[in-house]
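This report concerns only the one structure given below.
The values are calculated or read from the model by the stated rules, or taken from the named source; none is laboratory data. No experiment lies behind these values; they were computed from the predicted model shown. Cβ placement follows ideal geometry from the backbone for every residue including glycine, while neighbour counts extend to all protein chains displayed. Just the protein is used for accessible areas: all its heavy atoms, side chains included, with ligands, DNA and RNA removed. Shrake-Rupley method; radii C 1.70, N 1.55, O 1.52, S 1.80 Å.
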Amino acid sequence: MKLKSDQTTARAMNRRLILNLLRQDGPKSRAELATITQLSPAAVTFVVADLMGEGVVIEGKAVSGSTGRRPTPVQIDYDHAVAIGFKLMADTVECVATDLATNPIAAIRIPMPSKAPDDVADLLAVTVPRLIGLAERPQAKIAGIGISMPGVINHEQTICVRSHRFNWDNVPLASLLARRVNVPVWLEDDTNAYAIAQQLFGLGRQHRNMAVLAVGVGISCALVIEGKLYRGANGAAGKFGHTLFEENGRLCECGKRGCLMAYHSEASILRRWKEARGGGEDLGAPELRQALVAEDPAAVAIVGEAGRGIGTALANLVNVTDPEVIVAGGEAVSLGEYFLAPLREAFSLRTFRSPPPILPDWEDNSWARGAAALVTQRMFDFESSGGITGIGENGYGPARAS
């Protein structure tokens with residue numbers, strides 16, 4: 001029995017090793033896989049045969065070279081199933097259907113008229129077939145559904161422990177949806193999900209230590225440490241916007257005063273700019289961007305102040321965690337160098353050593369793709385491979401219909 005268990009464990013480890021190598025480096029021949037992984041040719045052949053039988057891996061085209069026909073490469077078939085991602089926002093949902101590399105094949109944004117958990121689950125359930133239809137893949141296998149939202153999430157039980165923005169406590173949203181669609185469902189904090197996508201297929205693909213800064217309605221910063229997403233003791237790690245900015249200052253949505261996000265989130269930037277303009281106008285992000293291009297003094301000053309405030313706070317975090325890179329995303333990134341240049345300047349002044357590069361993410365649907373990455377990550381089994389912690393088939397499990 002022990003021998004059988006050891007063989008099963010070795011097979012799973014070899015599978016993870018080969019899949020993650022193909023994910024990071026692209027197509028490889030069986031001989032190349034054996035050389036790089038230092039597995040025996042027989043072990044590689046066995047794993048590849050298993051993966052091809054499941055439809056996860058396919059053979060590519062052999063290329064002729066000066067020494068004759070080269071070995072046939074194998075590659076991951078990211079089209080063999082569809083992942084669904086839902087990013088819950090204040091009053092809308094960003095929805096995306098992707099291949100298993102989180103490349104969007106259909107995307108829509110829908111209104112969310114009610115935040116009642118059952119109403120949200122109903123809304124997401126009826127949107128799944130709509131997305132599959134838009135993707136023009138009516139017979140597609142759905143690998144699963146990922147939901148991301150702002151809040152403290154119990155990763156193992158897929159429960160929203162607390163969300164100030166939704167006023168939810170201990171809501172089993174993943175289970176509510178799974179009962180309606182009968183496919184696996186994962187639930188995660190939105191910035192954590194975004195970080196998972198960046199680690200799998202984004203700007204953090206080649207890095208084992210990174211910070212993922214998000215500046216939008218709130219401010220948060222997820223950490224990937226030695227290839228693994230850090231969630232903290234209670235799933236509340238990364239709530240960067242709730243660090244202190246000003247003693248007894250502005251009231252934050254968390255009920256405390258002086259939080260960083262009460263001053264420098266995108267919502268706070270817009271509110272302060274509107275106040276500087278005397279109020280009364282219907283001003284949003286597009287108008288702010290136009291004002292920046294026109295060098296409106298109030299807009300430039302407020303956005304620059306936000307960049308400097310966040311840059312200073314970010315330096316404190318980096319001095320403790322020492323990431324290789326920082327990926328920056330969220331709505332505030334669209335403010336461009338008016339926001340990023342002051343952020344980098346303040347950041348550089350306060351970092352203990354040479355500051356790591358800040359890489360802005362300009363991709364569309366990045367946040368909904370993060371939700372879809374909750375599905376994709378289980379294919380690479382990060383929980384057991386020492387990479388990003390996933391919830392798949394090794395001890396935790398997604399929410400499923402009962």
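At a glance:
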| item | result |
| --- | --- |
| Neighbourhood net charge (12 Å Cβ-Cβ; Lys/Arg +1, Asp/Glu -1) for Lys141 | -3 |
| Tensor-based shape of the range 141-180 (alpha-carbon gyration tensor, a/c under 1.5 rounded, otherwise prolate or oblate) | prolate |
| Lys pairs under 30 Å by Cα in the chain, provided they are eight or more residues apart or on distinct chains | 22 |
| Where GluC sites (Glu not before Pro) fall in DSSP loop in the range 169-263, at most 13 other Cβ within 10 Å | Glu226, Glu246, Glu247 |
| Local electrostatic count, Asp118, Cβ distance below 11 Å [Lys/Arg +1, Asp/Glu -1] | +1 |
| Cα gyration tensor, the range 314-375 - rounded (a/c under 1.5), prolate or oblate | oblate |
| The chain shape via C-alpha gyration tensor axes, a/c threshold 1.5 | prolate |
| Charge tally in the Cβ shell below 12 Å around Phe245, where Lys, Arg are +1 and Asp, Glu are -1, Phe245 excluded | +1 |
| Per residue accessible area in Å² of the chain, where ligands, DNA and RNA are left out and the probe is 1.4 Å | 46 |
| Magnitude of the charge dipole, the range 122-175, Cβ model with Lys/Arg +1 and Asp/Glu -1, debye to 20 | 140 |
| For the range 368-380, Karplus couplings with θ = phi - 60° (6.51, -1.76, 1.60), whole Hz, Gly/Pro x | 5, 5, x, 5, 5, 5, 4, 7, 5, 4, 5, 4, 9 |
| Under-5 Å amide H pairs with Arg162, H placed in peptide plane, nonlocal only | Val152, Asn170 |
| Dipole moment magnitude, nearest 20 debye, the range 26-147 about Cα centre, only Lys, Arg, Asp, Glu C-beta charged | 480 |
| Neighbour-limited loop hits for trypsin sites (Lys or Arg not before Pro), the range 181-261 (at most 16 other Cβ within 10 Å; DSSP other than H, G, I, E, B) | Arg205, Arg208, Arg250, Lys256 |
| By average C-beta atoms within 10 angstrom, highest first, the peptides 49-59, 23-33, 321-331 | 321-331, 23-33, 49-59 |
| Over the range 163-304, equivalent-ellipsoid semi-axes from the Cα gyration tensor in Å | 32, 19, 17 |
| Label-point gap, in nm, between Glu363 and Asn154 - each point 7 angstrom along Cα→Cβ | 3.2 |
| Reduced Cα scattering model of the range 245-347, Debye log10 I(q)/I(0), q = 0.13 Å⁻¹ | -0.48 |
| MRE, 222 nm, helices only [DSSP H, n ≥ 4, -39500 (n - 2.57), over the chain, to nearest 500] | -13000 deg cm²/dmol |
| Total charge dipole magnitude, the range 204-281, about the Cα centre, Cβ charges on Lys, Arg, Asp, Glu only, Debye to nearest 20 | 180 |
| Among Gly232, Ile159, Leu39 the positive-end extreme of the charge dipole of the chain (Cβ point charges) | Leu39 |
| Accessible surface of the chain [probe 1.4 Å, protein heavy atoms]: carbon and sulfur percent | 51 |
| Ranked packing of 366-373, 218-225, 268-275, 307-314, most packed first, by mean Cβ within 10 Å | 366-373, 218-225, 307-314, 268-275 |
| Gain in span if fully extended, His164 to Glu337, counting 0.36 nm per residue against the direct Cα distance | 59.2 nm |
| Extension gain (nm, one decimal) between Leu283 and Leu349, 0.36 nm per residue minus Cα-Cα | 20.5 nm |
